[in-house]
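For reference, the structure is listed below as structure tokens.
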């Protein structure tokens with residue numbers, strides 16, 4: 001701790017982005033000049049300036065403020081001087097704590113020049129009223145800024161400050177984005193790898209091995225900006241989470257997405273996520289990096305993502321195979337063998353709960369042959385008899401889609417009714433507990449079962465809503481399917497790329513005799529992208 005005659009006179013300046021509208025009179029340089037002249041004129045010892053430029057007054061997590069307060073707590077500051085009381089802050093609760101507790105505890109003399117505040121001369125109740133008005137000013141300014149941003153968001157203008165990785169701001173128009181020649185190829189490579197069947201973790205490993213700088217490191221190299229996830233010691237430390245974030249960004253197909261998140265209070269800087277139905281989407285606003293076909297393939301891959309088995313293996317059909325009876329994804333099983341001929345797909349629900357379904361087991365190699373044969377059959381027919389093929393496919397696809405939607409809508413209505421029933425049952429249980437007609441143990445047992453069922457139903461309800469929404473938006477696009485067919489001349493071998501290009505899902509029926517290992521029949525339905533089951 002310094003001696004009293006050596007202690008610092010802290011000159012504190014702050015300017016927020018909103019305050020910049022006030023012009024030069026509120027600038028950091030102007031504040032520094034006023035504070036320096038005031039300290040010299042009044043003979044205050046050891047003046048030192050701390051300045052936060054571009055920080056709101058409602059938050060006290062500011063670099064210079066934190067440094068100054070560290071000196072205060074070390075006992076090295078005797079006086080704090082600001083130009084206006086609002087420069088210190090605009091949060092009345094924190095300001096009250098500083099004025100009434102913090103500063104008195106550390107023997108700090110506080111001066112706000114333009115407001116005539118000097119704690120050595122006493123502080124009256126008017127300062128609390130001033131803090132209240134300062135907070136109201138911050139709240140009203142926040143409302144105006146939000147209104148301006150929301151209007152821009154509804155017009156389809158980009159309201160994010162940073163372009164997504166792979167893009168940069170247009171030099172001729174800062175509100176628009178254009179591809180970045182350095183990073184756009186990396187984004188395309190990430191999507192291509194995922195479309196081929198690789199998961200985010202494997203893609204991240206490939207990028208690490210290729211010594212590709214992470215998005216945070218690239219930004220630091222270009223502008224010196226420090227990002228939360230920046231690690232200067234590990235410039236190539238790509239993670240599966242970073243790759244997943246890129247694969248989910250609709251901006252890469254030329255769509256501007258606004259209002260992904262919101263800030264609940266003008267005092268908070270922590271953003272919360274908006275549900276996807278509240279997002280604002282505007283298509284064809286900038287040059288896409290990824291074509292629509294690749295995007296759709298990747299989203300299907302991500303939707304049906306499955307973990308590798310215990311040996312780290314993942315079959316090219318993984319995530320696409322499902323049980324005809326219960327709709328659960330199939331589980332890839334090595335059956336304790338090193339022989340690939342023994343690998344099987346088994347119903348995931350049966351694998352976990354054998355009393356809830358039957359195996360629906362099918363050999364992996366047999367399924368590969370079936371899928372390859374179906375792709376060969378359908379592509380040959382599409383090339384040789386294009387018009388007839390598309391006519392039949394359109395009629396059948398739309399019919400299937402209507403049936404699936406009708407079934408899901410009925411299931412959704414049932415789930416909604418049951419959720420309402422459970423809410424009523426929970427309310428009644430609380431009433432019986434309050435009336436002492438139920439013991440605490442009985443109440444916990446009863447409501448525990450209700451709550452478990454409610455959570456499961458809520459998850460199923462959300463999934464059905466998404467599937468119905470997706471189904472209503474799904475239209476047969478004949479040109480897109482033919483474009484996929486035209487990219488392949490003679491398919492002789494099944495590859496991850498071909499699978500993701502053509503196959504939407506594979507539905508496995510139960511064997512004619514479930515427990516028989518030979519001389520049985522088994523139906524497999526292969527659904528194709530854009531045309532369904534042909």
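Derivation of every value follows stated rules applied to the coordinates shown; laboratory data play no part. Bear in mind that the values here come from a model prediction, so they are computed numbers and not experimental data. All Cβ positions, glycine included, derive from the backbone under ideal geometry; neighbour counts span all protein chains shown.
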FRET efficiency for residue 248 and residue 121 from the Cβ-Cβ distance with R0 = 56 Å, rounded to 0.05, comes out at 0.45
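If you rank 256, 489 by fewest surrounding Cβ atoms within 10 Å, what's the result? Before the final figure, lay out the partial values.
On the way: 256 21, 489 8.
If I rank by nearby Cβ atoms, fewest first, I get 489, 256.
To the nearest 0.05, what FRET efficiency results for residue 516 and residue 271 with a Förster distance of 51 Å applied to their C-beta separation?
Values: r = 57 Å, r/R0 = 1.12.
It comes out at approximately 0.35.
Quickly rank 101-110, 284-293 as a protection proxy: mean count of other C-beta atoms within 10 Å, highest first. Working shown, then result.
Values: 101-110: 15.1, 284-293: 17.1.
Top of the packing list down: 284-293, 101-110.
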Per principal axis, largest first, the Cα atoms of the range 4-151 extend in Å by 55, 31, 26
Classified through the alpha carbon gyration tensor (a ≥ b ≥ c as square roots of its eigenvalues; rounded if a/c is under 1.5, else prolate when a/b is larger than b/c, else oblate), the range 167-302 comes out rounded
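Please give the FRET efficiency for residue 53 paired with residue 426, using the beta carbon to beta carbon distance and R0 = 35 Å, rounded to the nearest 0.05. Before the final figure, lay out each step's value.
Details: r = 53 Å, r/R0 = 1.51.
With a Förster radius of 35 Å, E is 0.10.
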Dividing the surface of the Cα convex hull of the range 331-375 by four yields a projected area in nm² of 3.4 nm²
Simple SL model, points at 7 angstrom along Cα→Cβ for residue 488 and residue 434; separation in nm is 6.3 nm
With label points set 7 Å from each Cα along the Cα-to-Cβ direction at residue 71 and residue 233, the distance between them in nm comes to 3.1 nm
For the range 491-534, using Cα atoms only, the Rg and Dmax in Å read 13.5, 36
With 0.36 nm assigned to each residue of separation and the Cα-Cα distance removed, residue 102 to residue 136 gains 9.9 nm
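Given 0.36 nm per residue, what is the gain on full extension from residue 150 to residue 36 after removing their alpha carbon distance, in nm? Write down the numbers at each step before the final one.
Details: separation 114, 0.36 × 114 = 41.04 nm, distance 4.08 nm.
Working it through step by step, the gained length comes to 37.0 nm.
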Quick calc: nm separation of the 7 Å Cα→Cβ label points for residue 223 and residue 352 -> 4.3 nm
Note on the range 36-116: alpha-carbon gyration tensor, axes a ≥ b ≥ c; rule is a/c under 1.5 for rounded, else prolate if a/b larger than b/c, else oblate; result rounded
